[in-house]
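What follows is a set of notes on a single structure, which appears directly below.
The values are calculated or read from the model by the stated rules, or taken from the named source; none is laboratory data. This structure is a prediction, so every number in the text was calculated from the model and none was measured. So basically every Cβ, Gly included, is an ideal-geometry build from the backbone, and we count neighbours across all protein chains shown.
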Amino acid sequence: MRFGVVTFPGSNCDYDSYMVIKDQLRKDVEFIWHKDSDVSGFDCIILPGGFSYGDYLRTGAIARYSPVMGSVIEYANNGGLVIGICNGFQILLESGLLPGAMLRNRSLQFICKHVYLRCDNNETPFSNRLNVGDVLKIPIAHTDGNYYWYQADVQELERYRQVVFRYCTPTGEVTDKANPNGSANNIAGICNKTRNVFGMMPHPERASEALLGSADGLGIFQSIVAYAASGVTA
């Protein structure tokens, strides 16, 4: 299996993602520069966290028009697996590959800490190695991580089971107190209707080995590998 990690000017988690794939999964992985247009030959593309193009406008708004994104959009529309983490999630929203938008955290402050996520859908390429109800300890690091969409549209997300992870307590309770940024319905990660595009604000690549304080994020990457090995198409 071959992963591609897109690097934008301002990306700062591209090497983290690269090392998880290379050292923990022991799979082939290459960087994809933001000016490249060829994304063929990859089994999964990762849009990493960071501050693409400085995020001087809405987060991810400039990166959405980067040359590589036209190819990534085409790749995803043809069924290719794409995962966006933190800023990568924001880019997926700006590009229209996932629905909704990001607002400033309700505290109006940057938040960097470990949080807890509950898996609410394990029937995706990104969560199939988990069980529904599993609680993961994974860090967040963002200022604009407050997921928003119109109420009727959030209900549609729920109806189609596109919410993959929610912020929760250590015991799996979904409460407002456990919601670090004010996201609608405690949403931490969603997928598209066809399940091949997934975005999440927490950083699983920063929680993929015990040395980092948690290895809970590794299951997300292992799910991608297991899905690809199964030969099932999204």
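Out of the residues in the range 155-183 that are crowded, with 20+ Cβ neighbours inside 10 Å and among the hydrophobic types (A, V, I, L, M, F, W, C), which is farthest from residue 131 (Cα to Cα)?
The first filter runs over the range 155-183 and keeps only residues crowded, with 20+ Cβ neighbours inside 10 Å, leaving 157, 162-168, 179-181, 183.
When the remaining residues are screened for being among the hydrophobic types (A, V, I, L, M, F, W, C), the result is 157, 163-165, 168.
Details: 157: 20, 163: 14, 164: 11, 165: 12, 168: 15 Å.
This residue is 157.
Just one of (1) over 22 Å from residue 49 (Cβ atoms); (2) in a helix (DSSP H, G or I) fails for residue 221. It is (1).
Would you be able to tell me the number of residues in the range 190-204 that are touching a Gly at 6+ places or on another chain (Cβ under 7 Å), assigned to a strand (DSSP E or B) and not aliphatic (A, V, I, L, M)?
As a first pass, look at the range 190-204 and keep what is touching a Gly at 6+ places or on another chain (Cβ under 7 Å): 190, 196, 198-201, 203-204.
Still in the list and also assigned to a strand (DSSP E or B): 190, 198-200.
Next, only the ones that are not aliphatic (A, V, I, L, M) stay: 198-199.
Residues that pass the stated criteria total 2.
Closer than 24 Å to residue 229 by Cβ and either at pLDDT below 95 or of a type in the set (Gly, Ala, Ser) (or both) - does that describe any residue in the range 112-129? Yes - at least one qualifying residue is present in the range 112-129. The set of residues from the range 39-66 being hydroxyl-bearing (Ser, Thr, Tyr) and surrounded by fewer than 20 Cβ atoms within 10 Å (Cβ to Cβ) comprises 40, 56, 65. Scanning the range 15-50 for residues that are charged (D, E, K, R), touching a residue at least 12 places away in the same chain (Cβ under 8 Å) and farther than 18 Å from residue 197 by Cα gives 16, 27, 28, 30, 35, 36, 38.
Collect the residues in the range 202-221 that are of a type outside the set (A, V, I, L, M, F, W, C), crowded, with 17+ Cβ neighbours inside 10 Å and out of contact with any strand residue (DSSP E or B) (no Cβ under 8 Å at 6 or more places or on another chain), keeping them in residue-number order. Before the answer, list the steps.
To start, the set of residues in the range 202-221 that are of a type outside the set (A, V, I, L, M, F, W, C) comprises 202-206, 208-209, 213-214, 216-217, 219.
Still in the running and crowded, with 17+ Cβ neighbours inside 10 Å: 202-206, 208, 214, 216-217, 219.
The answer is 208, and nothing else.
Identify, from the list 103, 108, the residue that is surrounded by fewer than 21 Cβ atoms within 10 Å (Cβ to Cβ) and without any contact (Cβ under 8 Å) to a residue 40 or more places away in the chain. Let's see the steps before the verdict.
Numbers: 103 fails: without any contact (Cβ under 8 Å) to a residue 40 or more places away in the chain.
Exactly one of 103, 108 is surrounded by fewer than 21 Cβ atoms within 10 Å (Cβ to Cβ) and without any contact (Cβ under 8 Å) to a residue 40 or more places away in the chain, namely 108.
Could you tell me whether the range 127-138 includes any residue that is over 18 Å from residue 47 (Cβ atoms), surrounded by 15 or more Cβ atoms within 10 Å (Cβ to Cβ), free of Cβ contacts under 8 Å to residues at least 24 places away in the same chain and not charged (D, E, K, R)? No, the conditions are met nowhere in the range 127-138. The set of residues in the range 64-79 being in contact (Cβ under 8 Å) with a residue 24 or more places away in the chain and farther than 13 Å from residue 96 by Cβ consists of 66, 67, 68, 71, 75, 79. If the condition is being among the small types (Gly, Ala, Ser) and surrounded by 14 or more Cβ atoms within 10 Å (Cβ to Cβ), then the range 139-154 contributes 141, 145.
Is it true that some residue in the range 97-114 is of a type in the set (S, T, N, Q) and not in a loop (DSSP other than H, G, I, E, B)? Don't jump to the end; show me each part of the working.
Of the residues in the range 97-114, the ones of a type in the set (S, T, N, Q) are 105, 107, 109.
With the extra rule that they be not in a loop (DSSP other than H, G, I, E, B), the set shrinks to none.
Checked the range 97-114: no residue is of a type in the set (S, T, N, Q) and not in a loop (DSSP other than H, G, I, E, B).
Would it be correct to say that residue 82 is buried (at least 21 other Cβ atoms within 10 Å of the Cβ) and either within 28 Å of residue 225 (Cα to Cα) or over 16 Å from the mean Cα position of the chain (by Cα) (or both)?
Working: buried (at least 21 other Cβ atoms within 10 Å of the Cβ): yes; either within 28 Å of residue 225 (Cα to Cα) or over 16 Å from the mean Cα position of the chain (by Cα) (or both): yes.
Judged against the criteria, residue 82 is a match.
Checked against (1) without any contact (Cβ under 8 Å) to a residue 60 or more places away in the chain; (2) more than 27 Å from residue 222 (Cα to Cα), residue 182 meets all criteria but (1).
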